[in-house]
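Please read the structure below before turning to the comments.
The values are calculated or read from the model by the stated rules, or taken from the named source; none is laboratory data. Keep in mind it's a predicted model, so treat the numbers as computed, not measured. Here the Cβ is made from the backbone with ideal geometry for all residues, glycine too, and neighbour counts use every protein chain on show.
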Amino acid sequence: MPLTATPPSSTLPIVITAWCVARASEPSHSKKTVIGFILYVLLVVRLNGRAIIVRASLYSKKIIMKKIQKLRNNILSGRAISVLGPVLYSVYFAKFFANIPDILRVSDLRPLDKSMGMTAKYFHYRGSTFIFDCQFCDEHLEEDSFAFGIAREIYIRDCYFKWHPPSIYDRARTVVDLGANRGAFSTLMTTRAEFILSVECGEQYVPIIKNNMNENKFTNYEIETAFVGAGGSTESDLPRITINDLFRMHNIESVDLLKLDIEGSEFALFDSADWLQRVSAISMEVHPLHGDPNAILKSVTQHGFSYAIADENLQRISDAKQANFIYAWKNA
């Protein structure tokens, strides 16, 4: 892609270009229309006080499409405005452009996430407002990732409900958050649940989860520090337990929604999956480097679930080996 430097100009071309890209990327447009926009729209970004125009060419359209999709999912979407609200979204949009040099340097959105962590606290989801205190999370954890990045993934990209029937969220009264991390998903589910069990093998996250649940004045929750499953990329000295152990320890008879993100140890849970009889819906991130997603799909199908799978861009796919997310539910 040839790069041409031009003198600095006003931010109006940036806003117009961003709007065009967002419009072109909307699902209502055909792929032909999207490609047409990509081929003729100039992507203007601010870098070190100068504007760089990136001209899309035919040979690079797949790469550009992927970048545009990522940009749309994370920044230029109606969902971002809905989740953040107009005022916070304007801050988000401005911080994105202000952080472009650092974003390009590290090749991800962590600089934006760090910057937003000082501002973002109130989020909106399907008519409900809740608190996820990004600043508290970042101040009490020394990690190379930031709380807003998790909020962006779960709330803006909607990674755990994207392909579920709407009723799954609405009817979730008993929720198990397996791989709770900072409690972003547990916090979201305070808008619907009557009881939440947050499970995390990293003990440093416990006070973070407690703070976020207490911020929402949600008291009917429990936190379990344990390693559930086997294998995967997470190392822990905690005792390893099964899902049935988890249900027994917390007197759980049935689960409306089970969310899983346990870094590859999820595959072992489906080797003996009688626990699926007690679960109505599952939202999970899968890690194909540690197992075959087809084995999980076979197991949930045998237990009466319907399912959808999606890739890393949350596009619905049919090839399970390319799956990054699995959505499974039992029809009422």
Single unsatisfied condition, residue 202 versus (1) closer than 24 Å to residue 327 by Cα; (2) of a type in the set (Gly, Ala, Ser); (3) surrounded by 15 or more Cβ atoms within 10 Å (Cβ to Cβ): (1)
Within the stretch 227-240, can you find the residues that are surrounded by fewer than 17 Cβ atoms within 10 Å (Cβ to Cβ) and either more than 25 Å from residue 139 (Cα to Cα) or touching a strand residue (DSSP E or B) at 6+ places or on another chain (Cβ under 8 Å) (or both)? 230, 231, 233, 234, 236, 237, 238, 239, 240
Would it be correct to say that residue 327 is hydroxyl-bearing (Ser, Thr, Tyr) and in contact with a His (Cβ under 9 Å, 6 or more places away or on another chain)? yes
Taking the condition assigned by TED's automatic domain parsing to the domain that holds residue 217 and within 30 Å of residue 254 (Cβ to Cβ), does residue 192 pass? yes
Expected output for the stretch 98-120 (first residue under 18 Å from residue 131 (Cα atoms), partner of a type in the set (Phe, Trp, Tyr) and at pLDDT 90 or above, Cβ below 7 Å, 6+ apart or cross-chain) is 113/146; 113/148; 114/146; 116/92; 116/148; 117/146; 117/148; 120/148
Filter result for residue 187 (more than 22 Å from residue 275 (Cα to Cα), in the same structural domain as residue 259 (by TED's automatic domain parsing), touching a helix residue (DSSP H, G or I) at 6+ places or on another chain (Cβ under 7 Å) and among the hydroxyl-bearing types (Ser, Thr, Tyr)): yes
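Matching residues to (1) surrounded by fewer than 18 Cβ atoms within 10 Å (Cβ to Cβ); (2) within 21 Å of residue 171 (Cα to Cα); (3) aliphatic (A, V, I, L, M); (4) at pLDDT 95 or above:
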| position | (1), (2), (3), (4) |
| --- | --- |
| 293 | no, no, no, no |
| 297 | no, no, yes, yes |
| 305 | no, yes, no, yes |
| 308 | yes, yes, yes, yes |
| 312 | yes, no, no, no |
| 315 | yes, no, no, no |
| 321 | yes, no, no, no |
| 329 | no, yes, no, yes |
Kindly evaluate residue 230 against the criterion of being under 15 Å from residue 168 (Cβ atoms), modelled with pLDDT under 90 and more than 19 Å from the chain's Cα centre (by Cα). no
Does any residue of the stretch 211-221 turn out to be modelled with pLDDT of 95 or more and in a strand (DSSP E or B)? yes
Unique residue being among the β-branched types (Val, Ile, Thr) and either more than 22 Å from residue 151 (Cβ to Cβ) or not assigned by TED's automatic domain parsing to the domain that holds residue 273 (or both) when the list is 206, 228: 228
